[in-house]
Amino acid sequence: MIPYRIGVFDSGAGGISVLKSLIHSHNFEEIIYYGDTARVPYGVRSPETIIQYSLEALEFFKSFHLDLLVIACNTVSAYGLKAMQEVAPYPIVGVIEPGVLALKNKISNKDSKILILGTKATIQSKLYSELLSVEGYCNTFGLATSLFVPIVEEGIFEGAVLDSTIAHYFAKYPQTPEAIILGCTHFPLIADSISNYYHKQPLLIHSGEAIMEYLQNSYILKSFDTPPKVTFYASDCVEKLEQIAKVWLIK
Ligand code: DGL
């Protein structure tokens with residue numbers, strides 16, 4: 001199966017950071033993006049609620065005859081992915097396994113210090129650290145950095161507010177990591193400020209780049225001369241989502 005028409009699901013606008021990598025690949029003809037903007041954030045909710053919302057998103061995609069669905073949201077990838085895969089008639093890929101594989105391809109020293117950032121729910125799931133430990137990486141540390149989400153949504157990508165929030169969280173992890181997993185859709189937008197905190201720049205794992213690497217290794221993808229047709233849908237205020245896309249897609 002060659003995926004031509006794919007869906008992208010996120011809890012809100014954050015998945016645009018993953019969408020950007022999918023658009024730039026020129027590997028798809030059409031992308032349908034759906035953000036559950038009425039109920040974002042998912043990262044503070046219980047596993048049961050995240051699973052319920054994830055299954056409800058499949059209802060939205062029913063009429064689109066997708067070849068493949070990409071879950072851009074780390075929180076949904078941590079909790080909802082399995083339940084979605086069990087009922088969907090097309091393949092669904094999340095961002096966590098690709099993120100771990102991307103790290104494995106770049107960091108061979110299994111003693112490397114790896115800092116995993118994410119929402120409260122993603123960190124509580126321990127999925128990144130479990131998959132990393134299966135690959136032999138045991139020197140991992142999960143850090144929930146929930147405040148980064150509203151800060152990025154506020155359009156703050158650098159400056160004093162962000163730097164002091166980074167300092168607040170990273171005080172819990174004073175060592176310099178070899179790699180940081182940006183385990184949340186919003187974090188690539190503040191990647192520079194995050195890596196500048198440490199004296200030696202760590203390797204950053206970005207969900208969008210990781211999932212493209214994964215798809216290119218797992219599927220036969222067609223190469224198109226032009227970027228895909230992208231249509232945005234949202235459970236609330238699609239205009240706001242389109243506005244955010246205009247800014248984030250060129251950042
Ligand atoms: N999209 C979410 C994630 O990547 C962040 C926003 C939320 O909490 O819903 O985990």
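Values in this text are rule-based calculations from the coordinates and carry no lab data. Only a predicted model underlies this, so the values are computations on that prediction, with no experimental measurement involved. Glycine gets a Cβ as well: all are built from the backbone with ideal geometry, and neighbour counts include every protein chain shown.
Points worth noting:
- C-alpha long axis of helix 160-170 to longest principal axis of the chain, angle in °: 70
- The distance between label points at residue 59 and residue 141 comes to 4.3 nm (points 7 Å beyond Cα on the Cα→Cβ vector).
- Cα-based helix-to-principal-axis angle, 207-218 vs the chain, degrees rounded to 10: 60
- For region 1-79, with +1 on Lys and Arg beta carbons and -1 on Asp and Glu, the positive-most of 31, 71, 14 along the dipole: 14
- The loop-placed GluC sites (Glu not before Pro) in region 126-222, going by DSSP, that have at most 14 neighbouring Cβ atoms within 10 Å of their Cβ come out as 135, 154, 158.
- The simple spin-label model puts a point 7 Å past each Cα toward its Cβ; for residue 4 and residue 224 those points are separated by 1.0 nm.
- Inter-part distance where region 14-93 and region 183-207 are each reduced to a Cα centre, Å: 23
- Mean residue ellipticity (222 nm) of the chain, computed from DSSP H runs ≥ 4 via -39,500 (n - 2.57), nearest 500: -12500 deg cm²/dmol
- Prolate/oblate/rounded call for region 109-251, Cα gyration tensor, a/c under 1.5 rounded: oblate
- Residues whose amide H comes within less than 5 Å of that of residue 142, counting only those at least five positions distant or on another chain, are 116 (H built at 1.01 Å from N in the peptide plane).
- Pairwise Cα inverse-distance average, inverted: Kirkwood Rh of the chain (Å): 18.2
- The modelled label-to-label distance for the pair residue 48/residue 203, using points 7 Å beyond Cα in the direction of Cβ, is 4.1 nm.
- Potential extension, residue 24-residue 240 segment - 0.36 nm per residue separation minus Cα distance: 75.5 nm
- Gained length - residue 217 relative to residue 167, 0.36 nm times residue gap less alpha-carbon distance: 14.3 nm
- Amide H partners (placed H, <5 Å) of residue 68, local residues excluded: 7
- In Hz, Karplus ³J(HN,Hα) per residue of region 50-63 (6.51, -1.76, 1.60; θ = phi - 60°; x = Gly, Pro): 5, 5, 4, 5, 5, 5, 5, 5, 4, 4, 4, 7, 3, 7
- Based on Cα contacts under 8 Å between residues 6+ apart, the chain shows a relative contact order of 30 percent.
- Rounded to whole Hz, the Karplus (6.51, -1.76, 1.60) HN-Hα couplings of region 82-89, x for glycine and proline: 4, 4, 5, 4, 5, 10, 7, x
- Magnitude of the charge dipole, the chain, Cβ model with Lys/Arg +1 and Asp/Glu -1, debye to 20: 400
- J(HN,Hα) series, region 175-184, from Karplus relation 6.51 cos²θ - 1.76 cosθ + 1.60, nearest Hz, glycine and proline x: 6, 8, x, 6, 9, 10, 8, 7, x, 7
- Multiplying the residue separation of residue 130 and residue 247 by 0.36 nm and subtracting their alpha-carbon distance yields 38.6 nm.
- Relative exposure of 249, 127, judged by other C-beta atoms within 10 Å (fewest first): 249, 127
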